[in-house]
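> First the structure, then my questions, so here it is.
The values are calculated or read from the model by the stated rules, or taken from the named source; none is laboratory data. All of these numbers come straight from a predicted model, not from anything done at the bench. Neighbour counts are summed over all protein chains in view; Cβ atoms, including those assigned to glycine, are modelled from backbone coordinates with ideal geometry.
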Amino acid sequence: MRRAVVNSATLVYMPPEHEPVLAPELIDQLAPEPGQTAVDCTFGAGGHARQVGEAIGSSGTLVCIDRDPAAEARFERLAAEVPCQTRFIGEDYAAGLRMLSGEGIRPDMVYMDLGMSSMQVDARERGFSYSYDAPLDMRMDTRQEFSAADLLNEWPESRIAQALRRYGEERYASGIAREIVRRRPLQSTAELVAAVKAGMPASARFGGGHPAKRTFQAIRIAVNGELDSLEAALPAAWAMLPTGGRFAAISFHSLEDRPVKQFLAARARGCVCPPELPVCACGREPEAELLTRRAIAPGAQEMAVNPRSKSAHLRAAVKIAGATEARA
């Protein structure tokens, strides 16, 4: 397999003024207190972790998970500055949560900031952005062999089109996939952008944002197995929480937000018996109380300062005694 070349000298890049999205709102929903244990599933630049770490104080414990090797260097810097005990797990967050569960960890809160981090998109050589030319990489874990170049140059046309539809909700998936295959081998993000534009009608290239936005999202999600990780991580995170534990997730598009919304709604639901039954026969009791009946979105001020926050949605819930736990 071809592997995109990444310049390790830039892997610890961190803008001096990184602002985490929806940070005050996340802290409000998690309500961290001194002495508590928190699990940050997607450490990224550590903006959320820093605020949580300061809130849980010297008697608290903060566990940070991130599969990007570049994140560990940023974590070491944060660990030296926050008052709490810290730990880093360099894994995909679904695997990291399984590891913690196997150790019997029962955190007071688990939270996720889904999608790619600003660190990844700003590191040009990582190939996450359609705004500048770079190798076709898009790996969140640079130790992973499979890259965007492998997908685009080796997958059959039908499978590429399916990925564009499923992960990018791309209307012109068939034409774009056909053009990608016709232009092989593709080696750079600029070549991918050119293929996308050539694979859609001229009228579709204008308005509604950059024409390659949906394709880049789809390829990135497919390369990193992001939705599979989310599907595995949601029940793992929930199972770890004790009664009173809190869960929160920030998402940036409907493919992330929908599973979170459905997962929490299912746990907040009580009786599922058919309405014609006079009394409940299922015995199901809710195990979650939704803290956000509707997703929390950034305010106008945050969106003006940080345009990347515009599509963010925050959902949260607290674990309550479900049927099994209540009978224990």
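> I need the full set of residues from the range 190-230 which are touching a Phe, Trp or Tyr at 6+ places or on another chain (Cβ under 6 Å) and of a type in the set (Val, Ile, Thr), in order please.
Val193, Ile221
> Just to be sure, is Ser129 at negative phi and more than 21 Å from the chain's Cα centre (by Cα)?
Answer is no for this residue.
> Considering only the range 315-328, I want to know if a residue exists there that is under 22 Å from Leu30 (Cα atoms), without any contact (Cβ under 8 Å) to a residue 60 or more places away in the chain and crowded, with 20+ Cβ neighbours inside 10 Å.
no
> Out of curiosity, is Glu54 of a type outside the set (S, T, N, Q), assigned by TED's automatic domain parsing to the domain that holds Phe247, surrounded by fewer than 23 Cβ atoms within 10 Å (Cβ to Cβ) and modelled with pLDDT under 95?
For Glu54, the condition - of a type outside the set (S, T, N, Q), assigned by TED's automatic domain parsing to the domain that holds Phe247, surrounded by fewer than 23 Cβ atoms within 10 Å (Cβ to Cβ) and modelled with pLDDT under 95 - is not met.
> Does any residue of the range 261-284 turn out to be in the same structural domain as Ile27 (by TED's automatic domain parsing) and assigned to a strand (DSSP E or B)?
Within the range 261-284, none of the residues are in the same structural domain as Ile27 (by TED's automatic domain parsing) and assigned to a strand (DSSP E or B).
> What is the residue count in the range 135-153 for residues that are surrounded by 21 or more Cβ atoms within 10 Å (Cβ to Cβ), outside any helix (DSSP H, G or I) and of a type in the set (A, V, I, L, M, F, W, C)?
So the count comes out to 3.
> Let me ask something else about it. Which number in (1) in contact with a Leu (Cβ under 9 Å, 6 or more places away or on another chain); (2) outside any loop (DSSP other than H, G, I, E, B); (3) among the polar types (S, T, N, Q) marks the one condition that Thr292 misses?
For Thr292, the failing item is (2).
Per-residue answers, yes or no, for (1) in contact with a strand residue (DSSP E or B) (Cβ under 6 Å, 6 or more places away or on another chain); (2) over 19 Å from Met140 (Cβ atoms); (3) without any contact (Cβ under 8 Å) to a residue 60 or more places away in the chain:
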residue: Ala73; (1), (2), (3): no, no, no
residue: Ala79; (1), (2), (3): yes, yes, yes
residue: Val82; (1), (2), (3): no, yes, yes
residue: Gln85; (1), (2), (3): yes, yes, yes
residue: Asp92; (1), (2), (3): no, no, no
residue: Met99; (1), (2), (3): no, no, yes
residue: Met109; (1), (2), (3): yes, yes, no
residue: Met112; (1), (2), (3): yes, no, no
residue: Met116; (1), (2), (3): no, no, no
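> Give me a count of the residues in the range 101-117 that are surrounded by 21 or more Cβ atoms within 10 Å (Cβ to Cβ) and either modelled with pLDDT under 95 or in a helix (DSSP H, G or I) (or both).
Matching residues across the range 101-117 total 3.
> Next question, about the same structure. In the set Arg67, Arg139, which member is among the basic types (Lys, Arg) and either within 26 Å of Ala195 (Cα to Cα) or modelled with pLDDT under 95 (or both)?
So the residue among Arg67, Arg139 that is among the basic types (Lys, Arg) and either within 26 Å of Ala195 (Cα to Cα) or modelled with pLDDT under 95 (or both) is Arg139.
> Does Gln120 count as surrounded by 18 or more Cβ atoms within 10 Å (Cβ to Cβ) and either assigned to a loop (DSSP other than H, G, I, E, B) or modelled with pLDDT under 95 (or both)?
Yes.
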